[in-house]
Amino acid sequence: MKTLLLLAALVAATAVTTACDRRTGPTESGARAVTGLVELRLGTFVQRYDLRVERTDDGFAPSLTPIGGARPVSQALLGGGLAFVRGDAGPDEPVVIATPQGTVTTRLTYRPLGPWHVLDRAAISVAAPQLGAGPELTVAVLEPRLVR
């Protein structure tokens, strides 16, 4: 069950979230990157990562470094699947995806930080007909700050 939830959540994060807004030009403030902590939480299971999102000509390039006993993070969270930094806040409505195993619901919230918007919280939940609602997977960016 836990593996199914993690797999569905990572698939939902990849399928639902949009890539970073690549139309944003260089900023007046001169910010080059955003740093902070990323917390992944599934029930009582918590892992933390150091986050660095570099501004590039093509958008934003995130990197996550495990902290403590955290495992290396899936490419679904890094390969454009989950936008940690965007040029705009994006839509506010939750996205619902029906899968053969159940329904995956994703809610993303962003907060402004200087010229960009930083992921505040991504909440992904799975409801399987035979099992009911499973635990919610959350991804949160803690203590974000601009780096010049």
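A compact table of results
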{"read-out": "First in the stretch 109-122 and closer than 8 Å to residue 34 by Cβ and in contact (Cβ under 8 Å) with a residue 60 or more places away in the chain, second anywhere and open to solvent by 40 Å² or more (accessible area, probe 1.4 Å) and in a strand (DSSP E or B), Cβ under 7 Å, 6 or more apart", "value": "113/146; 118/111"}
{"read-out": "Among the candidates 10, 40, residue that is under 12 Å from the mean Cα position of the chain (by Cα), of a type in the set (A, V, I, L, M), at pLDDT 85 or above and buried (at least 17 other Cβ atoms within 10 Å of the Cβ)", "value": "40"}
{"read-out": "Checklist (1) surrounded by 15 or more Cβ atoms within 10 Å (Cβ to Cβ); (2) modelled with pLDDT under 90 applied to residue 52, failing item", "value": "(2)"}
{"read-out": "Residue 16 vs. criteria open to solvent by 70 Å² or more (accessible area, probe 1.4 Å), at negative phi and modelled with pLDDT under 75", "value": "no"}
{"read-out": "Residue under evaluation residue 71, criteria (1) open to solvent by 20 Å² or more (accessible area, probe 1.4 Å); (2) touching a Phe, Trp or Tyr at 6+ places or on another chain (Cβ under 7 Å), criterion not met", "value": "(2)"}
{"read-out": "Unique residue being surrounded by 15 or more Cβ atoms within 10 Å (Cβ to Cβ), more than 14 Å from residue 122 (Cβ to Cβ), among the hydrophobic types (A, V, I, L, M, F, W, C) and at pLDDT 85 or above when the list is 84, 45, 60", "value": "60"}
{"read-out": "Tally, over the stretch 87-127, of residues that are on the phi > 0 side of the Ramachandran plot, modelled with pLDDT of 90 or more and surrounded by 18 or more Cβ atoms within 10 Å (Cβ to Cβ)", "value": "0"}
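The values are calculated or read from the model by the stated rules, or taken from the named source; none is laboratory data. All values reported here derive from a predicted model rather than from experimental measurement. Using ideal geometry, Cβ is built from the backbone for each residue, glycine included, and neighbour counts are taken over all protein chains shown. Side chains included, ligands, DNA and RNA excluded: accessible areas come from the protein's heavy atoms. Shrake-Rupley method; radii C 1.70, N 1.55, O 1.52, S 1.80 Å.
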